[in-house]
1. Using a 1.4 Å probe on the protein heavy atoms, what percent of the accessible area of the range 1-117 belongs to carbon and sulfur?
2. Just for the chain, what percent of DSSP beta bridges are antiparallel, to the closest 5?
3. Here are some pairs, Lys36/Lys114; Lys18/Lys114; Lys36/Lys109; Lys17/Lys79; which of them have Cα atoms lying more than 25 Å apart in this structure?
4. When only C-alpha pairs under 8 Å and at least 6 residues apart count, what is the relative contact order of the chain, in percent?
5. Return one whole number: the accessible area per residue of the chain in Å², for a 1.4 Å probe.
6. Taking H as built 1.01 Å from N, whose amide H comes closer than 5 Å to the amide H of Val82, not counting residues under 5 places away?
7. If you place +1 on the Cβ of every Lys and Arg and -1 on the Cβ of every Asp and Glu, how big does the dipole about the Cα centre of the chain come out, in debye to the nearest 20?
8. Consider just the alpha-carbon atoms of the chain and return their Rg together with their Dmax, both in angstrom.
Amino acid sequence: MRIGVLGSGDVGGKIAKKLASLGHEVMLGSPHAKDKADEFPGIALGSASDAAQHGDWVVNAMEGSIALEALNDCAIDGKIFVDIGNFESSIEGPLETPLGEAIQAAHPKTRLVKTLNNISAHLMVDPGSLPRPTTVFIASNDDEAR
């Protein structure tokens, strides 16, 4: 499967490497991706827009406000969009609109699935390292995408 991963930090990088190791054709989209080419052998690198265009599925691993801005230039309508990002942790007070809802409102034709945003990156790619099975929450208003 062709998968675009948005974000080349700890989370995006680990997800991209894991998906590539499973045989998926991955493109990592980030303004910093070209500077990290040696960290991602065998993974195509480009902008967020390039990665979104590449993927049949798109995974968002960018921080919230950055994601909302970057997605304005991305072709994600009709695609399954797995959002594992969060708004920055420095937000004070209650969060009025979660990132997944903000993305869905801005891109209503995207088949958004929200998951994994409360799990450490190393567990996302190696859940077997946990001593026992655990529950992962998955939210979407698109049953087929979920």
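1. That share works out to 53 percent.
2. Working: 2 of 22 bridges.
Just about 10 percent of them are antiparallel.
3. Result: Lys36/Lys114; Lys36/Lys109 exceed 25 Å.
4. Relative CO of the chain lands at 20 percent.
5. About 56 Å² of surface per residue is accessible.
6. Residues meeting the criterion, in which the H sits 1.01 Å from N, are Val58, Val59, Asn60, Val113.
7. Here the chain has a charge dipole of around 480 debye.
8. My reading of the Cα-based Rg and Dmax gives 14.6, 42 Å.
The values are calculated or read from the model by the stated rules, or taken from the named source; none is laboratory data. All figures in this text were calculated on a predicted structure; none of them were measured in a lab. Every residue, glycine among them, receives a Cβ derived from its backbone with ideal geometry; neighbour counts consider all protein chains shown. When the accessible area is computed, the model is the full protein with side chains, heavy atoms only, and any ligands, DNA or RNA have been set aside. Shrake-Rupley method; radii C 1.70, N 1.55, O 1.52, S 1.80 Å.
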